[in-house]
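S.K.: The structure that follows is given in the form of structure tokens.
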Amino acid sequence: MAETTFLTYKGKPLVRKGNEIFYGDMTEKYVVRFEILSAKKDGKLEIADKVSVQLIKNDSEKPIAERVAKDSEKSSLFDALDIGFIWLDRALKD
């Protein structure tokens with residue numbers, strides 16, 4: 001069986017599928033989910049201008065709505081990643 005490798009940041013996987021980005025190790029208590037809600041054109045590039053951030057508990061027995069520990073909406077992907085990384089780091093230290 002072929003091993004899948006993921007892009008990592010600070011030792012944790014960073015995986016994108018469509019407009020969703022997940023950050024964190026799925027074996028740990030929490031992961032962060034980013035969803036690009038809208039983007040604007042800047043020349044030939046599309047820049048995310050509305051991003052949802054959620055700190056999610058890894059408990060597959062509960063519905064997703066009950067697993068969301070924190071959520072926010074940011075006006076750029078950079079701001080969303082920044083707060084998401086902080087939330088995950090703090091949650092895993094507790």
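A short reminder: the numbers here are calculations on the coordinates, not readings from a lab. Nothing here was measured: the structure is a model prediction, and the numbers come from that model. Positions of Cβ are backbone-derived with ideal geometry, glycine not excepted, and every protein chain shown enters the neighbour counts.
S.K.: Give the angle, between 0 and 90 degrees and rounded to the nearest 10, that separates the Cα long axis of helix 77-93 from the longest principal axis of the Cα atoms of the chain.
M.R.: The angle comes out near 10 degrees.
S.K.: Provide the net charge surrounding residue 70, with neighbours chosen by a C-beta distance below 13 Å and charges set as Lys +1, Arg +1, Asp -1, Glu -1.
M.R.: Around residue 70, the charge tally is +1.
S.K.: Would you please state which residues of segment 68-94 a label at residue 58 would reach in this model, taking the label point 7 Å out along Cα→Cβ and a backbone N cut-off of under 15 Å?
M.R.: 88-94
S.K.: Would you pull out the residues with amide H under 5 Å of residue 76's amide H, same chain only if 5 or more places away, H placed 1.01 Å from N?
M.R.: Those lying under 5 Å, H to H, from residue 76 are 51.
S.K.: For the chain, with the dipole built from +1 on Lys and Arg beta-carbon atoms and -1 on Asp and Glu ones, taken about the Cα centre, which of 23, 56, 92 lies farthest toward the positive end?
M.R.: Most positive-ward Cα: 23.
S.K.: Rg(Cα) of the chain divided by 2.2 N^0.38 Å?
M.R.: Ratio of Rg to 2.2 N^0.38 Å for the chain: 1.13.
S.K.: Mind checking which aspartates and glutamates have their C-alpha under 17 Å from residue 29, skipping anything on the same chain fewer than 8 residues away?
M.R.: Of all the aspartates and glutamates, those that pass the test against residue 29 - Cα under 17 Å, at least 8 places apart if same chain - are 59, 61, 66, 71, 89, 94.
S.K.: Could you work out [θ]222 nm for the chain from helices alone, using -39500 (n - 2.57) per DSSP H run of at least four and dividing by all its residues? Round to the nearest 500 deg cm²/dmol.
M.R.: Taking each H run of at least 4 residues, the total per residue is -6500 deg cm²/dmol.
S.K.: Where does the charge balance sit around residue 20 when Lys and Arg score +1, Asp and Glu -1, over other residues with C-beta under 12 Å from its C-beta?
M.R.: Summing Lys and Arg as +1 and Asp and Glu as -1 gives +2.
S.K.: Tally Lys/Arg at +1 and Asp/Glu at -1 over every other residue whose Cβ is under 10 Å from the Cβ of residue 55; what's the total?
M.R.: Details: positive: 33, 57, 67, 70, 90; negative: 71.
Neighbour charge sum, excluding residue 55 itself: +4.
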